[in-house]
Amino acid sequence: MEISGHTQMLCLIGSPVGHSGSPAMYNYSFQKLGLDYVYLAFDIKEEDTSKAINALRLLNVKGFNITMPGKTAALSCCDELSKAAQLIGAVNTVVNENGKLIGHNTDGLGWVRNCREHGFEIRGKKMTIAGSGGAATAIEITSALEGMSEISIFARKDTFFANAEATVEKIRRHVSGCRVNLYDLEDRDLFYHEIEDSHIFTNATRVGMKPMDQESLIENPEVFRSDLTVSDVVYNPRETRLLSDAAVAGCKVIPGIGMLLWQGAEAFKLYTGKEMPVKEIMEKYFAV
Ligand code: NAD
């Protein structure tokens, strides 16, 4: 499609953005669906986030994604927030609805959708999850909002631990019908016991990502049962040690790359009201 005076812009802001796959993924999808949009990426430092958002508001762009480090700074620049963005405390997608900037967070929704696409419905299920950082918070809050019945969070007692304490507090206060507890990841007996009592285990820590790619939080293979689903947020490498150990033991495994793809697809749906051509995008841009 040719760019004309009617073409609308969407974009990514954050720093760095040069490595991002989003412009290729969205522009391919616009072309494929015949939508008159273009998608660009702008390198914006954290301290310039609000200036950039005000400029995008003035330009009346259709919407934009925010990557690190501006996801938290963007909260106060929006006119309204989705419940997920509000509780997660971060915005990764902003939609311009008739001049009003609505902030969303699709990271957790991307994880939920990835689970669904792998045949795992989260509603009414119990999850044990390790992690207290950005990815973990998005998954924990969104799972509670989307109907998970129980979440046992295990976290290392590092600087992120307070995030997990805040997450538990928010879920208890704002989401009914989801039981949530926080434990020290050092307590291995309790960790394995909670996994034994769960439908799904999720690794939402950096363990498994390079240079920790030989490591897994589950050292005891007896923890893997054939009716346990195992999901990982780490996507570099695509198959983490956790996932390969779990697959050998017969568990259903859900790789992290799908979360990355589906959080983009959920944003695409918010911008356009349409499904992104995910299968083709996966083959074209996400194949190893
Ligand atoms: P973060 O820095 O916000 O949080 C890191 C988390 O890992 C913290 O909870 C920390 O306590 C934990 N951690 C680090 N080292 C640990 C160790 N040795 N033992 C136990 N816990 C440890 O990071 P993040 O943004 O949440 O990213 C975490 C991982 O998720 C990264 O690998 C990132 O690439 C991946 N990620 C994937 C997606 C996706 O779409 N699949 C999205 C975001 C992040």
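The values are calculated or read from the model by the stated rules, or taken from the named source; none is laboratory data. Here the structure is a predicted model, which is why all the values come from computation and not from measurement. With ideal geometry, Cβ positions are generated from the backbone for all residues, glycine too; neighbour counts draw on all protein chains shown.
In the stretch 39-74, which residues are of a type in the set (A, V, I, L, M, F, W, C), surrounded by fewer than 18 Cβ atoms within 10 Å (Cβ to Cβ) and under 28 Å from V278 (Cα atoms)? Even if it seems obvious, please write down each step before you answer.
Step one: of the stretch 39-74, the residues of a type in the set (A, V, I, L, M, F, W, C) are 40-42, 44, 52-53, 55-56, 58-59, 61, 64, 66, 68, 73-74.
Imposing the further condition that a residue be surrounded by fewer than 18 Cβ atoms within 10 Å (Cβ to Cβ) reduces the set to 40, 42, 55, 58-59, 68.
Scanning the stretch 39-74 gives L40, F42, M68.
Go through the stretch 278-288 and give me each residue that's surrounded by fewer than 18 Cβ atoms within 10 Å (Cβ to Cβ), within 19 Å of the chain's Cα centre (by Cα) and farther than 17 Å from S20 by Cβ. Don't jump to the end; show me each part of the working.
Just the residues of the stretch 278-288 that are surrounded by fewer than 18 Cβ atoms within 10 Å (Cβ to Cβ), to begin with: 279-280, 282-288.
If we keep only those that are within 19 Å of the chain's Cα centre (by Cα) too, we end up with 279, 282, 285-286.
K279, the sole residue that qualifies.
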* What residue, of D197, D189, is exposed (fewer than 13 other Cβ atoms within 10 Å of the Cβ) and touching a residue at least 40 places away in the same chain (Cβ under 8 Å)? -> D197
* Structure fact -> A246: passes all of (1) over 19 Å from M212 (Cβ atoms); (2) not in a loop (DSSP other than H, G, I, E, B) but (1)
* Answer yes or no: is there a residue in the stretch 255-271 that is away from the ligand (no atom under 16 Å from the Cβ) and assigned to a loop (DSSP other than H, G, I, E, B). => no
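Listed here are the residues, each with its yes/no results for (1) farther than 30 Å from V91 by Cβ; (2) under 21 Å from the mean Cα position of the chain (by Cα); (3) outside any loop (DSSP other than H, G, I, E, B); (4) not assigned by TED's automatic domain parsing to the domain that holds M68.
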site	(1), (2), (3), (4)
A135	no, yes, yes, yes
T142	no, yes, yes, yes
K157	no, no, no, yes
Y183	no, no, yes, yes
F191	yes, no, yes, yes
I195	yes, no, yes, yes
Q214	yes, no, no, yes
L217	no, yes, no, yes
* Which number in (1) within 20 Å of the chain's Cα centre (by Cα); (2) closer than 23 Å to T67 by Cβ marks the one condition that K100 misses? -> (1)
* Asked: Given (1) more than 10 Å from the ligand (Cβ to nearest atom); (2) free of Cβ contacts under 8 Å to residues at least 40 places away in the same chain; (3) of a type in the set (A, V, I, L, M), where does A164 come up short, assuming only one miss?
  -> (1)
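Quick check on my filter: what residues within the stretch 195-244 are at positive phi and at pLDDT below 95?
Applying the first criterion (at positive phi) to the stretch 195-244 yields 208.
Once the filter is applied, which keeps residues that are at positive phi and at pLDDT below 95, the stretch 195-244 yields nothing.
Mind telling me which of the residues M276, M209 ends up being without any contact (Cβ under 8 Å) to a residue 60 or more places away in the chain and within 16 Å of the ligand (Cβ to nearest atom)? It would help to see each step written out before you state the result.
Values: M276 fails: without any contact (Cβ under 8 Å) to a residue 60 or more places away in the chain.
Being without any contact (Cβ under 8 Å) to a residue 60 or more places away in the chain and within 16 Å of the ligand (Cβ to nearest atom) holds for just one of M276, M209, which is M209.
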* Can you give me the number of residues within the stretch 279-288 that are in contact (Cβ under 8 Å) with a residue 60 or more places away in the chain and more than 16 Å from the ligand (Cβ to nearest atom)? => 2
* What residue, among those in the stretch 232-242 that are within 10 Å of the ligand (Cβ to nearest atom) and either aliphatic (A, V, I, L, M) or surrounded by 21 or more Cβ atoms within 10 Å (Cβ to Cβ) (or both), is farthest from the chain's Cα centre (by Cα)? -> T240
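Of these, I141, I218, I195, which one is under 21 Å from A84 (Cβ atoms) and either β-branched (V, I, T) or near the ligand (Cβ under 9 Å from one of its atoms) (or both)? Break it down stepwise before answering.
Details: I218 fails: under 21 Å from A84 (Cβ atoms); I195 fails: under 21 Å from A84 (Cβ atoms).
The unique qualifying residue is I141.
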* Out of G177, G147, sole residue that is away from the ligand (no atom under 12 Å from the Cβ), part of a loop (DSSP other than H, G, I, E, B) and over 19 Å from the mean Cα position of the chain (by Cα) -> G177
* Asked: Restricted to the stretch 43-89, and to residues that are part of a loop (DSSP other than H, G, I, E, B) and without any contact (Cβ under 8 Å) to a residue 24 or more places away in the chain, which residue is farthest from the ligand (Cβ to nearest atom)?
  -> D79
* Asked: Of the numbered conditions (1) assigned to a helix (DSSP H, G or I); (2) in contact with a helix residue (DSSP H, G or I) (Cβ under 7 Å, 6 or more places away or on another chain); (3) closer than 15 Å to V233 by Cβ, I171 satisfies every one except a single condition; which is it?
  -> (3)
